[in-house]
C-alpha cells in the first residue's frame, strides 16, 4: 500500500468511526429538528446573509457592511464550490432519501469534499467574530451548521473538517474586504 492509499484508508476509518458515533443522535426528534434546520439554513449561506442584514439594521450601523459581507460570502462560495470541489470527486456518505425520517433537504450534486456548508459557516464566523461581543456564539453557530451535514448524512466528518479549515482561512484572509460595523 503506498503512502497516499494509507492516508486515504486512515481518513476513511476516521469517517466511519465518527459516523458510527453520530448514529446515536440520528432519529432523536430534537436532534433531528435542530440539525435538519441548521442544514437547511446553511443552504446558499442563507443564515449568514440574514445575520449580515440584521446586523446592519440598528441605528448607527452601515448597510454597506451587510452588502460587503454578502459579497464576501459569494466569493467564498465561488472559490469553494466552483473551485476547490472541482479537484475532488468524492461521493457523499448517503442521501436524505436513504433516511426514512428525512426532512426536506436539497441534495447537492457536487463533490462531498470539502463541505461548502462548513466552509461558508467558518468563513462567516471568522468575519462576524471580529470585534464582536458575540464572537464565541458565531463559532458555535458555525459548528452547528457544519456538524449538521454529518447528521443528515450529506458529508463525511473529514469533508466537514476540511471545509471548516478552508472557510476559516478564507474568512481571515478576506475579512479586511468587508467594512467593519
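Within segment 132-143, one or more residues are surrounded by 24 or more Cβ atoms within 10 Å (Cβ to Cβ), touching a helix residue (DSSP H, G or I) at 6+ places or on another chain (Cβ under 9 Å) and at pLDDT 95 or above.
Screening 80, 67 for residues that are under 19 Å from residue 125 (Cα atoms) and either touching a strand residue (DSSP E or B) at 6+ places or on another chain (Cβ under 7 Å) or at pLDDT below 90 (or both) leaves exactly one candidate, 67.
Going by the structure shown, is residue 42 in contact (Cβ under 8 Å) with a residue 12 or more places away in the chain and surrounded by 12 or more Cβ atoms within 10 Å (Cβ to Cβ)? Considered against the rule, which asks whether it is in contact (Cβ under 8 Å) with a residue 12 or more places away in the chain and surrounded by 12 or more Cβ atoms within 10 Å (Cβ to Cβ), residue 42 comes out as yes. In the set 57, 78, only one residue is assigned to a helix (DSSP H, G or I) and out of contact with any helix residue (DSSP H, G or I) (no Cβ under 7 Å at 6 or more places or on another chain); that residue is 78.
The values are calculated or read from the model by the stated rules, or taken from the named source; none is laboratory data. Note that the coordinates shown come from a computational prediction; the quantities given were computed from them, not determined experimentally. Positions of Cβ are generated from backbone atoms using ideal geometry, with glycine treated the same way; all protein chains shown enter the neighbour counts.
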